1. Could you figure out which of (1) open to solvent by 70 Å² or more (accessible area, probe 1.4 Å); (2) assigned to a helix (DSSP H, G or I) isn't true of SER30?
2. Within the set of pairs 6 or more residues apart or between chains, which connect a residue that is within 13 Å of ALA24 (Cβ to Cβ) inside the range 40-64 to a residue that is open to solvent by 50 Å² or more (accessible area, probe 1.4 Å) with Cβ atoms less than 7 Å apart?
3. Based on this model, can you work out whether LYS42 counts as open to solvent by 50 Å² or more (accessible area, probe 1.4 Å) and in a helix (DSSP H, G or I)?
4. So, in the range 50-59, how many residues would count as being within 9 Å of the chain's Cα centre (by Cα) and open to solvent by less than 50 Å² (accessible area, probe 1.4 Å)?
Amino acid sequence: MASNKQHVVPEARDALDRFKMETANEVGVSLKAGYNGDITAKQAGSIGGQMVKKMIEAYERGLK
């Protein structure tokens with residue numbers, strides 16, 4: 001299993017960061033590049049939850 005320092009697909013990092021920023025904007029959470037330890041767990045959860053929802057929807061569209 002990869003550690004936190006190693007990324008399985010390093011090229012995907014930028015795309016995931018853009019996706020995270022876009023999703024945060026959609027749910028009304030202001031993120032900055034880099035560390036965002038000042039946001040609440042609720043805000044972080046809303047970003048992550050929305051990201052998962054969008055990924056599942058994209059996957060399901062690909063199955064059709």
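1. Going through the list (1) open to solvent by 70 Å² or more (accessible area, probe 1.4 Å); (2) assigned to a helix (DSSP H, G or I), SER30 breaks only (2).
2. SER46/VAL27; ILE47/LYS20; ILE47/VAL27; GLN50/GLU26; GLN50/VAL27; MET51/LYS20
3. Yes: the conditions hold for LYS42.
4. Final tally of qualifying residues: 1.
The values are calculated or read from the model by the stated rules, or taken from the named source; none is laboratory data. Small disclaimer: the values here were computed from a predicted structure and weren't measured. Don't worry about glycine lacking a Cβ; one is built from the backbone with ideal geometry, like all the others, and counts go over all protein chains shown. Side chains are part of the model used for accessible areas, which takes the heavy atoms of the whole protein and leaves out ligands, DNA and RNA. Shrake-Rupley method; radii C 1.70, N 1.55, O 1.52, S 1.80 Å.
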